[in-house]
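The values are calculated or read from the model by the stated rules, or taken from the named source; none is laboratory data. Source: prediction; values computed, not measured. All Cβ positions, even for glycine, are placed from backbone atoms using ideal geometry, and neighbour counts span all protein chains on display. In case anyone asks, the SASA skips ligands and DNA or RNA and just uses the protein heavy atoms, side chains included. Shrake-Rupley method; radii C 1.70, N 1.55, O 1.52, S 1.80 Å.
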Amino acid sequence: MMIRTVSTQPFNDQKPGTSGLRKRVPVFQQPHYLENFVQSIFDSIAAPRGAALVLGGDGRYYNREAIQIILKMAAANGFGKVLVGQGGILSTPAASCVIRKHQTFGGIILSASHNPGGPEGDFGIKYNVTNGGPAPEKVTEAIYARSKQIAEYFILDAPDVALDKIGVSKLGDMQVEIIDPVADYAGLMASLFDFGAIRNLLASGFRIKFDAMHAVTGPYAREILEQQLGAPAGSVMNAEPLPDFGKGHPDPNLTYAHELVEILYGDNAPDFGAASDGDGDRNMILGKKFFVTPSDSLAILAANATLAPGYKAGLAGIARSMPTSAAADRVAQALDIPCFETPTGWKFFGNLMDADKVTLCGEESFGTGSNHVREKDGLWAVLFWLNILAARKQPAENIVREHWVKFGRNVYSRHDYEGLPTDAANSLMQHLHDSFSGLRGQQFGQYEIQFCDDFSYTDPVDGSVSTGQGVRIIFTDGSRIVFRLSGTGTEGATLRIYLEAYEPDIAKHHLDAQTALAELIRIAEEISQLRKRTGREKPTVIT
Ligand code: VG1
Ligand code: CO
């Protein structure tokens, strides 16, 4: 077998976003496009000869083709071994688990997460480092810099590798090991949670519904929830991973997971519902006719963590992304542990976990996780909730309401405006920046602005600084409005407006978030000149 050196020219748009490089499938299918990016990764990470990698993806359209290309390039670039999930499948948290367990040099994950798939949908690629977590910014910047210079890549001329049969084969000098994508991950889950107690709960008639949204978690949820924990067959719905996710949008929120929402809000609803996204790192938690806000979910997991065997020694600390509500901060304060506020994206949690500064991390975008891996983890959050429900023997809604009584309620919502013209979105953000100095001290209805800024973060472990991470408008009573542009979309711009108000008054805890936040929503629209600059009357998605 021969190593071929292919000359190529740089593409100028291979800058990784919040979570890897995401583009439309036809963009990735252009000659050399994927190859350029993969070679840029290999050139930047300088892995020693013979190093091992993990490779897998969420099964979306182009996953298998990409895996064949990457395997042949890894062989040509001197890697000694690649562990591949059977059929090319590995959920994002499972990939992180495998990197850590098998101590590989790193891993490549093929996913565009919650973005739709299919021939006209999105594809994505992300590099994870030795700790199992997403490459930090200095690595992604080096990859991008390399992609702008690249002149050639290396690929082995060889037949395709059989991806569906577990076992070891050779590709040139490199070993390819096809592994069970579920086993290591399922073993890790069993070591963290009280499977016996969850089994008893499910045997007692407690009914659950998990929506895998035709994405990667189907096989994981079937094995863990149905096989190992005994949930009746059919408890996992849409369990077959499909290359186009059944033409759905695998984003577990009230809008896109409506099939599950209708079941949980319908007649004869199950006791507990959950969904995960394309690559299995997000989670949505539902009780009977009740939605648990992701920010509350993080706080509640933290407050109840010692009920799960894996966390019975307590938490070292908690971290949340800046736009995530401060509900977790209140729990950290009560537990007398530190709470860190990071920019959006899981890559910022890695250093804190590696340094044992935090145990739990979370984002408002349906992402929760812990130091068991270095990615957010959808099924882990579902199992954590089931463990708590089994231990407390109360409905999910009661657990949330009791939490609010104890800590007060951080009323929270996010409004997304998807598919905006990039110019309009940029001009709105610029307008906000230009308004900073005039806004301080201004009164809007009952709210007075204490300060506004563009969030920047200094990593407490390695001192690296990340600027421009979102405009914050903070009011004197602690309420907040945050504006950010998404870094995961592939078309136009998505504006995210995050709204948070603290409500200590129990008499108001029954209010729907949109009602409770109405005044802040109005202020956000006024300050940003949203209607004038975007022509939009209402958000595309509210979570
Ligand atoms: C979004 C979320 C962010 C999350 C990221 C990746 O990013 O807001 O919290 O970490 O997606 O999640 P953005 O830049 O579009 O706001 V996943 O599940 O798409 O890998
Ligand atoms: Co995801």
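Do you know which residues across the stretch 129-151 are within 15 Å of ligand 2 (Cβ to nearest atom) and not in a loop (DSSP other than H, G, I, E, B)? Residue satisfying the conditions is P134 alone.
Of the residues making up the stretch 152-204, those that are outside the structural domain of Q86 (by TED's automatic domain parsing), over 23 Å from L90 (Cα atoms) and either assigned to a loop (DSSP other than H, G, I, E, B) or open to solvent by 40 Å² or more (accessible area, probe 1.4 Å) (or both) are D194, R199, N200, A203, S204.
Mind listing just one residue for me: the one in the stretch 480-492 that is in contact with a Gly (Cβ under 8 Å, 6 or more places away or on another chain) and either away from ligand 2 (no atom under 16 Å from the Cβ) or part of a strand (DSSP E or B) (or both) and, of those, most open to solvent (accessible area, probe 1.4 Å)? Once the filter is applied, the top-ranked residue is E491.
So for the stretch 330-346 (the condition being within 27 Å of K101 (Cα to Cα), in contact with a strand residue (DSSP E or B) (Cβ under 6 Å, 6 or more places away or on another chain), assigned to a helix (DSSP H, G or I) and within 11 Å of ligand 1 (Cβ to nearest atom)), does at least one residue qualify? Yes: the stretch 330-346 contains one or more residues that are within 27 Å of K101 (Cα to Cα), in contact with a strand residue (DSSP E or B) (Cβ under 6 Å, 6 or more places away or on another chain), assigned to a helix (DSSP H, G or I) and within 11 Å of ligand 1 (Cβ to nearest atom). D434 fulfils the conditions (1) under 30 Å from I198 (Cα atoms); (2) outside the structural domain of D271 (by TED's automatic domain parsing) except for a single criterion, (1). Within the stretch 63-78, not a single residue is in contact with a helix residue (DSSP H, G or I) (Cβ under 9 Å, 6 or more places away or on another chain) and over 25 Å from D157 (Cβ atoms).
Residue by residue, here is whether (1) outside the structural domain of Q446 (by TED's automatic domain parsing); (2) of a type outside the set (V, I, T); (3) surrounded by 18 or more Cβ atoms within 10 Å (Cβ to Cβ); (4) within 24 Å of E418 (Cβ to Cβ) holds:
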{"residue": "A501", "(1), (2), (3), (4)": "no, yes, yes, no"}
{"residue": "K508", "(1), (2), (3), (4)": "no, yes, no, no"}
{"residue": "L511", "(1), (2), (3), (4)": "no, yes, no, no"}
{"residue": "Q514", "(1), (2), (3), (4)": "no, yes, no, yes"}
{"residue": "L520", "(1), (2), (3), (4)": "no, yes, yes, yes"}
{"residue": "A524", "(1), (2), (3), (4)": "no, yes, yes, yes"}
{"residue": "L530", "(1), (2), (3), (4)": "no, yes, yes, yes"}
{"residue": "G535", "(1), (2), (3), (4)": "no, yes, no, yes"}
{"residue": "K538", "(1), (2), (3), (4)": "no, yes, no, yes"}
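Just the residues that are surrounded by fewer than 24 Cβ atoms within 10 Å (Cβ to Cβ), in contact with a Phe, Trp or Tyr (Cβ under 7 Å, 6 or more places away or on another chain) and outside any strand (DSSP E or B), please, taken from the stretch 84-128. Result: P116, G118, P119, G121. For the stretch 256-288, a residue qualifies if it is open to solvent by 20 Å² or more (accessible area, probe 1.4 Å) and either within 15 Å of the chain's Cα centre (by Cα) or within 16 Å of ligand 2 (Cβ to nearest atom) (or both), and the qualifying residues are Y256, R282.
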